[in-house]
Amino acid sequence: MKNLLSLITLSLCIHSSAMALDPEDPRLADVLNIRQYSESFASAGQPTVEQFAMLQEAGFEQIIYIAFTDNANAVPNADKIVKDLGMDYLHIPVDWNNPTARDFQAFADAMQRNQGRKTLLHCQVNARATAFSFLHRVIHEDVPVAQAKADMNSFWQPNETWRDLIFEVLEQHDVSPHCEGCDWTPSTVGS
């Protein structure tokens, strides 16, 4: 009986590790503007209903949404869809024109409480999410500013509103936004 239980346990471990998809999984490539930062953290634009299922299959355990639910391309009942797939769902509505340090702190608190859980942070197009990802990675994961900024800029150069939020939050954590090669000239996109 002991050998049978060991065999079943081994089989389950092999099966579950086979279910964990590579961060470069081509099925996830269709998720709008997805950026995989580590094995346990990614950001993206709005996933479709079908993509939520693919994210779950890829091992994501937590979905954090930081835009408003009344957005034209928001998925109705996303909270229920995600929960029915067995993942946790957290909604932190962040005003595009007035993001606050408190908004970021709510996100950072959720990440700190759930360290190591595979998380997708998303908004509508991945602008808000890349800004919050930049801050989280620099402040809580000790990623160098230049590296995190390059990752953020692979999708978006923050406009003045978001640049100012980034500077405010970094200052609160005694982190300088300045680094060699970092251009913080505000984008006019989304201004």
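Given the Cα-Cα distance of Asn77 and Ala146 and 0.36 nm per residue of separation, how much length would full extension add, in nm?
21.1 nm
Taking the Cα of Ser154, stepping 7 Å toward and past its beta carbon, and measuring to each backbone N in the range 42-63: which are under 11 Å?
Those under the cut-off are 43.
I want to verify a result. In a Gaussian network model of the chain, Cα cutoff 10 Å, which of these has the top mean-square fluctuation: His136, His178, His122?
His178
Using θ = phi - 60° and the Karplus relation 6.51 cos²θ - 1.76 cosθ + 1.60, list the HN-Hα couplings for the range 151-159 in order, rounded to whole Hz, with x at every Gly or Pro.
Result, rounded to whole Hz: 5, 4, 6, 5, 10, 7, 9, x, 6.
Between the range 25-72 and the range 118-147, what is the C-alpha centre distance in whole Å?
14 Å
Quick one: if you stick a label point 7 Å off each Cα along the C-beta vector at Val49 and Val175, how many nm between them?
Reported label-point gap for Val49 and Val175 is 3.8 nm.
In whole percent, what relative contact order does the chain give with Cα contacts below 8 Å and a gap of six or more residues?
Worked out over the chain, it gives 20 percent.
What size of dipole, in debye to the nearest 20, comes out for the range 126-191 about its Cα centre when the only charges are +1 on Lys and Arg C-beta atoms and -1 on Asp and Glu C-beta atoms?
The calculated dipole for the range 126-191 is roughly 260 debye.
Taking θ = phi - 60°, what integer Hz values does the Karplus form 6.51 cos²θ - 1.76 cosθ + 1.60 yield along the range 114-121, in sequence order, with x for Gly and Pro?
Each residue of the range 114-121 in turn: 10, 4, x, 7, 5, 10, 10, 9 Hz.
Taking amide H positions as placed 1.01 Å from N in the peptide plane, with prolines and chain starts having none, which residues 5 or more places from Tyr89, or on another chain, fall under 5 Å of its amide H?
The answer is Ile63.
Any idea how far apart Asn98 and Ser38 come out in nm if each label point goes 7 Å out from Cα toward Cβ?
Distance between label points: 3.4 nm.
To make sure I understand the rule: partners must be aspartates and glutamates, Cα under 19 Å from the Cα of Lys83, and not fewer than 8 residues away in the same chain. Which ones qualify?
Straight-line reach from Lys83, under 19 Å: Glu50, Glu57, Glu61.
If you take every DSSP beta bridge fully contained in the chain, what fraction is antiparallel? Give it as a percent rounded to 5.
20 percent
Would you pull out the residues with amide H under 5 Å of Leu121's amide H, same chain only if 5 or more places away, H placed 1.01 Å from N?
Close amide H contacts, sequence-distant or interchain: Ala42, Ser43, Ala44, Ile64.
Read the figures in this text as sums done on the coordinates, not as results from a lab. Since we're looking at a predicted model, the values are computed, not measured. Counting neighbours? That spans all protein chains shown, and the Cβs are built from the backbone with ideal geometry, glycine included.
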